[in-house]
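Beneath this line is the structure, given in structure tokens, with notes to follow.
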Amino acid sequence: MFGGPRQSMGPRQMYKTTCSDCGKECEVPFQPTEGRPVYCDECFSKHRKPRPSHGGGRDRY
Ligand SMILES: [Zn+2]
């Protein structure tokens, strides 16, 4: 219960890696997994799929 490794607050561990898209060096807050693409901030938002319209069934314009 108590006395475990504390991992709240403090500086976040960042891992250096290379963006799979633009090839730029970047840092990610998680350990990059081999064989999986890692994107820098820019490319990440580029690759993130836009959310489907909120809630309802049909889109209105
Ligand atoms: Zn990138």
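The values are calculated or read from the model by the stated rules, or taken from the named source; none is laboratory data. Values in this document were obtained by computation on a predicted structure and should not be read as measured data. Glycine also receives a Cβ, built like all others from the backbone with ideal geometry; neighbour counts cover every protein chain displayed.
In the range 20-49, the residues that are outside any helix (DSSP H, G or I) reach residues that are more than 8 Å from the ligand (Cβ to nearest atom) and among the small types (Gly, Ala, Ser) with C-beta atoms within less than 9 angstrom, at least six apart or across chains, in these pairs: TYR39/SER45.
Residue check: is ARG48 at pLDDT 75 or above, exposed (fewer than 10 other Cβ atoms within 10 Å of the Cβ) and within 16 Å of the ligand (Cβ to nearest atom)? Taking the combined requirement at face value, the residue satisfies it.
Screening the candidates PRO32, PRO37 for the property of being modelled with pLDDT of 85 or more, in contact with a helix residue (DSSP H, G or I) (Cβ under 9 Å, 6 or more places away or on another chain) and surrounded by 10 or more Cβ atoms within 10 Å (Cβ to Cβ) yields one hit, PRO37.
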